[in-house]
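K.L.:
What follows is a single structure, and I will ask about it in a moment.
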Amino acid sequence: MNSGIFSPRSRFRSFKFAFRGLKSLLIFEHNSRIHLLAAVIVIILGFIFRISLADWSLLILVIGLVFLSELINSSLEAISDVVKPEWNEKILRAKDYAAAAVLVTAVISVFIGGIIFIPVYYSCFKRDS
């Protein structure tokens, strides 16, 4: 399957697979749609409050990390369900660890969002007073 020869066509095909994975994530994983909505809201707020480039960098990083952890979690769950469809304590533990990774990443992103937006929000009201 891997001929070792670089071809632009095969590179474009690999992007097609990656975008299909993102589409599948959004279709089949409900939490990913919640993460997407939160990301859109945060991006809109970033434009409204004109946050700094450093703040944009942090936001893009944590948004990416949340989706990355969701993709890894969903991948592990899908593979686990095929490999061992019946209940298995070790598979359950692995799934719980992956879900916890998503939770930790999401909580960290909320804290970073608060660190960025709370001061900006209050400074907008301070100017009006």
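The values are calculated or read from the model by the stated rules, or taken from the named source; none is laboratory data. None of these values were measured; they are calculated from a predicted model. A quick note on method: Cβ atoms are made from the backbone with ideal geometry, for glycine too, and the neighbour counts reach across all protein chains shown. Side chains are part of the model used for accessible areas, which takes the heavy atoms of the whole protein and leaves out ligands, DNA and RNA. Shrake-Rupley method; radii C 1.70, N 1.55, O 1.52, S 1.80 Å.
K.L.:
Which count do you get for residues in the stretch 34-63 that are closer than 20 Å to Ile108 by Cβ and open to solvent by 80 Å² or more (accessible area, probe 1.4 Å)?
P.N.:
Qualifying residue count, the stretch 34-63: 5.
K.L.:
From Val102, Val107, Val82, grab the single residue that is at pLDDT 95 or above, within 17 Å of Leu36 (Cα to Cα) and open to solvent by 40 Å² or more (accessible area, probe 1.4 Å).
P.N.:
After applying the criteria, what remains is Val107.
K.L.:
Going by what's in this entry, would Gly21 be described as exposed (fewer than 14 other Cβ atoms within 10 Å of the Cβ), in contact (Cβ under 8 Å) with a residue 24 or more places away in the chain, over 30 Å from Ile118 (Cβ atoms) and small (Gly, Ala, Ser)?
P.N.:
yes
K.L.:
Can you pull out the residues in the stretch 17-35 that are within 15 Å of Ala78 (Cβ to Cβ), in a helix (DSSP H, G or I) and of a type outside the set (Phe, Trp, Tyr)?
P.N.:
Residues satisfying the conditions are Arg20, Gly21, Leu22, Lys23, Ser24, Leu25, Leu26, Ile27, His30, Asn31, Ser32.
K.L.:
So, in the stretch 111-129, of the ones that are at pLDDT 95 or above and open to solvent by 100 Å² or more (accessible area, probe 1.4 Å), which residue ends up nearest to the chain's Cα centre (by Cα)?
P.N.:
Phe111
K.L.:
Kindly list, by first and then second residue, each pair from a residue in the stretch 50-63 that is at pLDDT 95 or above to a residue that is assigned to a helix (DSSP H, G or I) and among the hydroxyl-bearing types (Ser, Thr, Tyr), limited to pairs with Cβ atoms under 8 Å and residues at least 6 apart or on different chains.
P.N.:
Pairs found: Val62/Thr105; Val62/Ser109; Ile63/Ser109.
K.L.:
What pairs come up if the first residue lies in the stretch 24-41 and is within 12 Å of Glu70 (Cβ to Cβ), the second is among the basic types (Lys, Arg) and assigned to a helix (DSSP H, G or I), and their beta carbons are under 9 Å apart, counting only those six or more places apart or on different chains?
P.N.:
Leu26/Arg33
K.L.:
Give the stretch 75-129 a look and list any residue that's hydroxyl-bearing (Ser, Thr, Tyr) and in contact with a helix residue (DSSP H, G or I) (Cβ under 6 Å, 6 or more places away or on another chain), or say none.
P.N.:
Ser80, Thr105, Ser109
K.L.:
Just checking, how many residues over the stretch 64-79 are buried (at least 17 other Cβ atoms within 10 Å of the Cβ) and over 14 Å from the mean Cα position of the chain (by Cα)?
P.N.:
Count: 1.
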